[in-house]
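Please read the structure below before turning to the comments.
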């Protein structure tokens, strides 16, 4: 989903400059909204192809034109933070829901108090689980839900059959052994996004939580705890020790690269969120050619965590030139009709009540829905969360780069890298 560390931008600095954020035009151009969308599909061009007809529909209904830019995950967080300080932001923006409290703390976004929520359909429009990841507790949300997501393990049925494997792994230990059986020559048991800091932090957190890790000890970062170190090592070991992931995956930063390997049979398994169903379809993979199960847990897992509460929210900059138009656009995107269209296209889950399309009752969507409801846990909903994501995610990305060059990466090296992230967090930059 390389990226410059946001550690150079402290939350205090961002909050102090938030009054200069946003970038909508004035006068006649106020009828035009600027919208930064996150890369949800198998590629940015496909995102545009999906979104543009809906933006045209909105323009026909309201007379408001929407200028779209789709931003890859590797750049999105930095682009948003720069916009909060530099005054060159959009009117409406997609955010990873785990960033909600961090971005809310900048003061750059419209607060969705009861009156503002009423303009976009009211609080009851949205699913309670999705609303739990819209900002800090006790404050009006700084964003509202747009797409719902959770992780699952996708497996290629043909590759499994060719290897004589009758069913998907049920534990992490079984996953490693299964992946080894599926690795031969230029074909690997798995692939991953080694150059994606967002994926790196998600797996560091997920595998750390399975070990019982606590990311923060009060206000102090605890990224280098033994539980976190062991979790990161388990992720790196897929490439470094188990050798079931190609070293080239250390350079993968976009979902499309992972989908391509799965579609061509070069990788038999991927751990991906539910939008992967749409990404695979875009690469010619038929639904009956693969299965989906929850991410297998280690046999000795201390916590039953197989995903974070994932998803995409939508926010409005306070100084949007057409604030009422921006809220109309949010209301449009979160209407049951648009939720049906967009979530079907992106392979994500609706986050509003009233969506009845049978597509969301498929076996695969039921797996993701159950994970989201039962074994997903929210990342810390605190102002420092965005820094946590960037610092730890970048550390994991750098460690994968070391592994790909043949460097031995031990727990000592991992602990040192995570301790460095701790110090950067404490230093505020």
Of these, 18, 41, which one is assigned to a loop (DSSP other than H, G, I, E, B), modelled with pLDDT under 90, crowded, with 19+ Cβ neighbours inside 10 Å and out of contact with any strand residue (DSSP E or B) (no Cβ under 7 Å at 6 or more places or on another chain)?
41
For the structure I just gave you, tell me whether residue 351 is surrounded by 15 or more Cβ atoms within 10 Å (Cβ to Cβ) and either farther than 22 Å from residue 221 by Cβ or outside the structural domain of residue 191 (by TED's automatic domain parsing) (or both).
yes
Taking residue 375, is it surrounded by 15 or more Cβ atoms within 10 Å (Cβ to Cβ), under 24 Å from residue 245 (Cβ atoms), at pLDDT below 95 and under 19 Å from the mean Cα position of the chain (by Cα)?
yes
Only strands (runs of 3 or more DSSP E) wholly contained in the range 47-164 count here; list those with 2 or more residues that are modelled with pLDDT of 95 or more and surrounded by fewer than 19 Cβ atoms within 10 Å (Cβ to Cβ).
65-71
Condition first: over 19 Å from residue 142 (Cβ atoms), surrounded by fewer than 17 Cβ atoms within 10 Å (Cβ to Cβ), modelled with pLDDT of 95 or more and in contact with a helix residue (DSSP H, G or I) (Cβ under 7 Å, 6 or more places away or on another chain). Can you find one or more residues in the range 303-324 that meet it?
yes
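So which of 328, 364 is closer than 24 Å to residue 288 by Cα, surrounded by 16 or more Cβ atoms within 10 Å (Cβ to Cβ) and assigned by TED's automatic domain parsing to the domain that holds residue 68?
364
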Give the range 207-225 a look and list any residue that's surrounded by fewer than 20 Cβ atoms within 10 Å (Cβ to Cβ) and in a loop (DSSP other than H, G, I, E, B), or say none.
212, 214, 218, 219, 222
Tell me whether the range 226-236 contains one or more residues that are surrounded by fewer than 22 Cβ atoms within 10 Å (Cβ to Cβ) and either on the phi > 0 side of the Ramachandran plot or at pLDDT below 95 (or both).
no
For residue 409, are the conditions met, namely being outside the structural domain of residue 294 (by TED's automatic domain parsing) and either touching a helix residue (DSSP H, G or I) at 6+ places or on another chain (Cβ under 6 Å) or farther than 17 Å from residue 278 by Cβ (or both)?
no
Assuming residue 258 fulfils every condition listed in (1) buried (at least 24 other Cβ atoms within 10 Å of the Cβ); (2) within 25 Å of residue 424 (Cβ to Cβ) apart from one, which condition is it?
(2)
Given the structure, is residue 404 within 30 Å of residue 242 (Cβ to Cβ) and either assigned by TED's automatic domain parsing to the domain that holds residue 231 or surrounded by fewer than 16 Cβ atoms within 10 Å (Cβ to Cβ) (or both)?
yes
The range 239-260 - residue that is assigned to a helix (DSSP H, G or I) and in contact with a strand residue (DSSP E or B) (Cβ under 7 Å, 6 or more places away or on another chain) and, of those, farthest from residue 42 (Cα to Cα):
239
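The values are calculated or read from the model by the stated rules, or taken from the named source; none is laboratory data. Note that the structure is a prediction, hence the values are computed from the model and not measured. Cβ: placed from backbone, ideal geometry, glycine included. Neighbour counts: every protein chain shown.
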